[in-house]
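The values are calculated or read from the model by the stated rules, or taken from the named source; none is laboratory data. Everything quoted here is computed from the prediction, not taken from an experiment. Here Cβ is always computed from backbone atoms with ideal geometry, including for glycine, and neighbour counts include all displayed protein chains. All accessible areas refer to the heavy atoms of the entire protein, side chains included, with ligands and DNA or RNA removed. Shrake-Rupley method; radii C 1.70, N 1.55, O 1.52, S 1.80 Å.
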Amino acid sequence: MESRRPIKKIALVILSILVCALFAGAILLHHFWPFTEGSVRSRLAETLSANVKFGSFHEKYFPPGCIAENVSFQRNGSGPPLISIRRLTIRSSLLRLLGHRISLLRAEGMHVTLARSDFSRNKSSDQQTTVDKFVADDAVLEIPQHGRNHPLRFVFHKFQLDNLGGADAIKFAALFDNPMPAGVIRTSGQFGPWNSSDPSSTAVSGNYSLANADLSVFNSIGGVISSDGNFRGKFKEIEVEGSATVPQFEVSSTQHKLPLRTRFTAAVNAINGETILRRVNGNFGRDEIQAHGTIGRRPDGKRAAIIDLNCDRGRIEDTFYPFIKAPKSPITGNVAFQMHVVIPSGHERFLKKIELKSDFRIQDARFTNPETESRLSKIAERPGQKEPDGTNLTDLGGQVMVRNGIAQFTQLSARDGDASALLRGAYDLTTERVNMHGRLTTKASLTKTTSGIKAAFAKALEPLFKKGPQRKVVPVKISGTFHHPNFGLDTNSNM
């Protein structure tokens, strides 16, 4: 019995120490407990530099944490809150609390109204708490638009951040509705470590996919676009590489559709939305196009897409098709062009607001207008010929500038066989009216011409060729409309 007394005394001492330790720990835990209403409110306010209010607050001890309801973050005395959350759940463990870590931060019913200036705010807290997982499914982000009544509205079906506030990179994954163009975006990747002195220089990388985005939100064009790719860089300059497909791209005013497929590399400024198109390789119908340009704000304050395009191989009927109301292009043939295009933002009709300047050449051109074909065939028909001869083709080339829906040709040359024409004038893209003037040069009579530019003017000009030398230079004009063109002698010319 005597031998057991030292053991009992030692056990009693150890038990007393444990009781004292637990008592002291309880006092310290109560004093430094991070999940009191005041402590949580203070830390949230410090992190976002905002005033924080709770509708109700409940502490949880097993596991450690809390639940706050009807939470609001307010930076200004009036106006909507920066952030509102219906239910905020914070959960951790005793071990993680020692390392200033939170296991889970879940925001249910979160609504954020974020100005672009909020992105550049620095973190104000000296001691950061790391959140292992932040979840905000079914959250809404709204960004006010300058000069517009309705903000950009992003609805996040899924949203998760891992290692939020940690020293290493933050991983993200999101599935959300994109407002312009309306479609669904899925993205994942990482950003950070956070650059507190210059947030826009924070590194970011990941991948994305855009599905079923409706281009009709831009009013002047239509179609459903899908795109996927990857990105890396800094928030102020993100390098993007990807592809995009629009199976039926159309200009809304004509409702003519062609497939558009592209592969591209671009640099995007996530702060202001400015985009540099470094390289775009695309197929528009049968046109093979290379392009580069910018999408952003011009010196006049308006946003615009400014793009340079080059096509070494294509078909002019595909190039024209989206921009004309007629069932088919006025001509067919192989086309090559260089084009500078400006498409300003706004709700004006596409054909009215687009601006372009282009050099082009068309080889093996044919007329496709049924009435024009019929007229040319009859004019060109030789005695005894049962079918019109359509083997003579025309080569076209020139320069055109489009502004306010008018295509202004400063130089349009046409050549087939021993005849050539040099024209200038305008074509109205909306009314399809033609007003062209120039000169026709030919070495032979028009009586036996078969097709092409000589045939077009044959009936009006043949009397001039009945006498005199074989070579003729005659002032000519083209008027009327695409459906009813008139070819004739330009009696008002000073030639």
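At-a-glance table
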{"quantity": "Residue pairs meeting the criteria (Cβ under 7 Å; at least 6 apart or on separate chains; first under 25 Å from residue 336 (Cβ atoms) and outside any strand (DSSP E or B), in segment 299-325; second open to solvent by 50 Å² or more (accessible area, probe 1.4 Å) and not aromatic (Phe, Trp, Tyr))", "calculated": "317/328; 318/286"}
{"quantity": "Strands (runs of 3 or more DSSP E) wholly inside segment 368-455 containing at least 3 residues that are of a type in the set (Gly, Ala, Ser) and either modelled with pLDDT of 85 or more or surrounded by 15 or more Cβ atoms within 10 Å (Cβ to Cβ) (or both)", "calculated": "406-416, 419-428"}
{"quantity": "Residue check for residue 46: more than 22 Å from residue 138 (Cβ to Cβ), touching a Ser or Thr at 6+ places or on another chain (Cβ under 6 Å), charged (D, E, K, R) and modelled with pLDDT of 80 or more", "calculated": "yes"}
{"quantity": "Number of positions in segment 271-287 that are farther than 30 Å from residue 203 by Cα and either among the acidic types (Asp, Glu) or not in a strand (DSSP E or B) (or both)", "calculated": "3"}
{"quantity": "Residue check for residue 279: at pLDDT 90 or above, open to solvent by 40 Å² or more (accessible area, probe 1.4 Å) and more than 25 Å from residue 179 (Cβ to Cβ)", "calculated": "yes"}
{"quantity": "Flag for residue 293 being surrounded by 15 or more Cβ atoms within 10 Å (Cβ to Cβ) and either at pLDDT 85 or above or over 21 Å from residue 484 (Cβ atoms) (or both)", "calculated": "yes"}
{"quantity": "Residue list for segment 158-202, restricted to those being under 21 Å from residue 241 (Cβ atoms), of a type in the set (Gly, Ala, Ser) and in contact with a Pro (Cβ under 8 Å, 6 or more places away or on another chain)", "calculated": "169"}
{"quantity": "Residues (over 13 Å from residue 275 (Cβ atoms) and in contact with a Lys or Arg (Cβ under 9 Å, 6 or more places away or on another chain)) located in segment 230-243", "calculated": "241, 243"}
{"quantity": "Residue 88 vs. criteria surrounded by 11 or more Cβ atoms within 10 Å (Cβ to Cβ) and modelled with pLDDT of 85 or more", "calculated": "yes"}
{"quantity": "Segment 323-342, subset touching a helix residue (DSSP H, G or I) at 6+ places or on another chain (Cβ under 7 Å) and either modelled with pLDDT of 75 or more or open to solvent by less than 20 Å² (accessible area, probe 1.4 Å) (or both), residue nearest to residue 293 (Cα to Cα)", "calculated": "335"}
{"quantity": "Checklist (1) farther than 30 Å from residue 251 by Cβ; (2) polar (S, T, N, Q); (3) touching a residue at least 12 places away in the same chain (Cβ under 8 Å) applied to residue 195, failing item", "calculated": "(3)"}
{"quantity": "Restricting segment 143-158 to residues that are open to solvent by less than 100 Å² (accessible area, probe 1.4 Å) and within 18 Å of the chain's Cα centre (by Cα), the residue that is modelled with the lowest pLDDT", "calculated": "145"}
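Table: residues versus (1) open to solvent by 50 Å² or more (accessible area, probe 1.4 Å); (2) more than 14 Å from the chain's Cα centre (by Cα).
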{"position": "214", "(1), (2)": "yes, no"}
{"position": "221", "(1), (2)": "no, no"}
{"position": "229", "(1), (2)": "no, no"}
{"position": "232", "(1), (2)": "yes, yes"}
{"position": "240", "(1), (2)": "no, no"}
{"position": "248", "(1), (2)": "yes, yes"}
{"position": "251", "(1), (2)": "no, yes"}
{"position": "268", "(1), (2)": "no, no"}
{"position": "274", "(1), (2)": "yes, no"}
